[in-house]
Structures are given as structure tokens and as C-alpha cells.
1. Please count how many residues of region 92-111 are open to solvent by 40 Å² or more (accessible area, probe 1.4 Å) and in contact (Cβ under 8 Å) with a residue 40 or more places away in the chain.
2. Can you pull out every residue in region 33-57 that is in a helix (DSSP H, G or I) and under 16 Å from Ser347 (Cβ atoms)?
3. Tell me the residue from Arg378, Arg385 that is open to solvent by 50 Å² or more (accessible area, probe 1.4 Å), under 18 Å from Gly169 (Cα atoms) and in contact with a strand residue (DSSP E or B) (Cβ under 7 Å, 6 or more places away or on another chain), please.
4. Within region 227-250, can you find the residues that are part of a helix (DSSP H, G or I), touching a Lys or Arg at 6+ places or on another chain (Cβ under 8 Å) and touching a residue at least 40 places away in the same chain (Cβ under 8 Å)?
5. Enumerate the pairs (first residue in region 60-80 and farther than 10 Å from Val8 by Cα; second residue anywhere and among the hydroxyl-bearing types (Ser, Thr, Tyr)) with beta-carbon separation below 7 Å, excluding pairs fewer than 6 apart on the same chain, so at least 6 apart or on different chains.
6. Search region 316-331 for residues that are over 12 Å from Gly157 (Cα atoms) and of a type in the set (Val, Ile, Thr) and pair each with any residue that is open to solvent by 10 Å² or more (accessible area, probe 1.4 Å) and not in a strand (DSSP E or B) when their beta-carbon atoms are under 9 Å apart and the residues are at least 6 apart or on different chains.
7. Of the residues that sit in region 209-218 and are more than 22 Å from the chain's Cα centre (by Cα) and not hydroxyl-bearing (Ser, Thr, Tyr), which one is surrounded by the most Cβ atoms within 10 Å (Cβ to Cβ)?
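The values are calculated or read from the model by the stated rules, or taken from the named source; none is laboratory data. None of the values given here were measured: they were computed from a predicted structure. Cβ sites come from the backbone with ideal geometry, for glycine too, and all protein chains shown count toward neighbours. Ligands, DNA and RNA are stripped out before the accessible areas are found, and what is left, the full protein with its side chains, is counted by its heavy atoms. Shrake-Rupley method; radii C 1.70, N 1.55, O 1.52, S 1.80 Å.
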Amino acid sequence: MPRNHDIVLFGATGFAGALAAEYLARHAPQDCRWALAGRDTGKLAGLRDRLARIDPRCRELPLLAADAGDPASLRTLAGSTRVLASTVGPYIRYGTPLVAACAAAGTDYLDITGEPEFVDLMYLRHHEQAVRTGARLVHACGFDSVPHDLGVRYTVGLLPEGVPLRIDGYVRASGGLSGGTLASALTAFSRASRTARTAKERRRADPPPGDRSVRTEPGRLHRNAGLGVWGVPLPTLDPQIVGRSAAALDRYGPDFHYSHFAAVRGLPVALGGIAGAGVLFALAQHPATRRMAGSRLAPGTGPDQERRARSRFSVRFTGEGGGHRVLTEVAGGDPGYEETAKMLAESALCLAFDELPATSGQVTTAVAMGERLSDRLRQAGITFRVLAAS
């Protein structure tokens, strides 16, 4: 069916949403029919006025009223566009009706979630319908988990085909938190047991390929002398996304292994990070302490432009297989916000305008967009490079 829009950005007035809107204002092609969506049209109009100072054509951007708590408005929203990108989180609390609407309408859906429970639950509830309607449901299109998913894909492409492969990722990142990111983290920590149950259901419903082995193991605290860092196991969504790409793509070999680490220079810093995560986890287990921790950052707030300009990320991948070794890196600027907005916006443009493999259902960025999205991100200033090979 004809759609009025190519891309709709839902949650456009939030902290991350506004950055994504600014990116689209600067980089969307002239023929891109895009729109802003949210529950407060007054705030949307104020955002549109700011965007018009970037590009006067943005004065004509449509403003679409929709509320995460109103499924009917979300069905109307999903039916109006080819691609719908959402920045409204915590996704486990607010995201389910929108994914349902997109799966039913055959609309491509994107988000920037880092919540494993949400991703698994959306697979269980909506993957099969999305396969039938042709919708592509692509979660984790920000720093969680684009650099890791596409970085592993890039590294795999430099190693021999048809042999067992092992890749380890080492993440370094600086930057501040937004209220939305803190709320999502606290929500995820508070639902650890439900996350584990949902993951178990997902494994039963989505078994690994029978003729290949794919393992994503947490690894252990260790010293990597070659990189000069301590590797701290990083229990984020990223390894799961990498594993699902590996399960879907034969190029990852007959036996693929991936582990994921934070890279820190000193052991005291590594131990301090582990202790800090433990404290946050403990605070999240009780409503009163969870509210106290969450009150430190108000929703819609985040690091200012000066802080974001100083922030950087790099992910280094050590890969080996078939007697070959390679060290690669994906790197860019402020990971949580500037680059996340860029990744989400470029993912939306990629789905809307690029020639891509025929996929549907819940798919990863590496499976749905692969090299086309990597090319877009390179052109946008994110680097993919080989540091060493033997």
C-alpha cells in the first residue's frame, strides 16, 4: 500500500530523538519524505522550528500525534510510513505496542534499545507475523549494537572462509549519561530474573543452526598484553546481537566464538567498574532505591554539546582462524548520543533507500543492511580499519 512517509521518527522531542532529528535535517536527501512523531505536538512544533534553522525546508515537516500508551494511534502511525524509528524507552515499558503495530502493517521498525529482555520478547511475540507481512524489525541500531555487530562482520570478512573463527571485542568509551539511558539500565537490572526466563524461551523458539556452532560466552577478567588493557566481561546486549548475525550468516564459519569486554588500562579501574555496576544492580532491585538512583538524571536530559564533543569510542576486535590473525577497530565520537543518533538515522535511510538483501522478521543490522550500512557510516565519519594482520 502507498505510504505518506518514507521515515517517521517517534519520540523526536526526547534527548536522543532530537539529536536524530537534527542529523536527518542535515543529511536526509531532498526527496526523503520524513516526519516527526510524539505525544506533544507543541513540543514537536518547537523542535521543527529548531530544525528549520538547520534547513529551511524543515518548516514543512509533518507533525504526527501518537502516544506509546494508545495502540490505535500507533497503528495509524505505522500504517503511514515505510520505516519507523523509535527512541522511546525504556522499551520494555513503552515499546511493545509500536513493534506490534509495525509487524502487523509490514512497516520496517528500528530502535536504539540495549534491553535484552525486550529484544527476546519482541521475537517471541512478533517475529512470525513480521515474516508474513515483510516487516524488518531491527533492534539495537545505536551504540548498542551497531559498532559491535558491523565490526565483527568486518573482521570476519578479513579471515579465511569455511574454518572455525574466534573473535573478541574490547570496548573503550567515554561520555555522559542521559536520563533515558539511566532509566533503561535501572529497569533492565530490576528485571534480571524475567530477562533470564525470556532468554530461555527465546532459545527454545529460536534454536541455533543445526550444522554450525555459534557461541557467545562472557569470558573472564584477564590481561591482554598485546592491547595493553585489562578485559572486563561486559554483560550487554551486544554479544547476543553478534551471535544472531553469526547464526544467520554462513560466512561466520562452521564454529564461531565471540566474547565481549570493556577495555581498561589498570586493574584498580577494572575492579572499580565491576563494583560500581554491582552497586547500581543492587539499587535497582527495590522500588525506593531505584527511584532514588533514577532521580539523579531527569528524563529528556543528557550531556551538553561540549561534553559530547569531547567523548569518543573505539572497539578493537582480535580475530583468528585458519592460521590467520587480524586486529581491527571501529571508532567514532560521542557513543551514547551523537553517534547513536547518526547510526539510527543512517539505518533508517538505509532501509528506506538502499538495495538490500531480502529479509523480514526480527533481523540484525549485519543481516538486514550489512555492507551498505557500513559504507554509510564510513561516509559519516565512523572508521573501520585494520590495525594488524598476519
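1. Final tally of qualifying residues: 1.
2. Taking region 33-57 first, the residues in a helix (DSSP H, G or I) are 41-54, 56-57.
Across region 33-57, there are no qualifying residues.
3. The match here is Arg385.
4. The answer is Ser245, and nothing else.
5. Going by the 7 Å Cβ cut-off, the qualifying pairs are Ala65/Thr41; Ala65/Ser73; Ala66/Ser73; Asp67/Ser73; Ala68/Tyr94.
6. Thr318/Gly226; Thr318/Leu227; Val330/Tyr154
7. Per the criteria, the residue is Arg212.
Per-residue answers, yes or no, for (1) within 23 Å of Gly142 (Cα to Cα); (2) part of a loop (DSSP other than H, G, I, E, B):
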residue	(1), (2)
Ile7	yes, no
Leu19	yes, no
Asp31	no, yes
Arg59	no, no
Leu98	yes, no
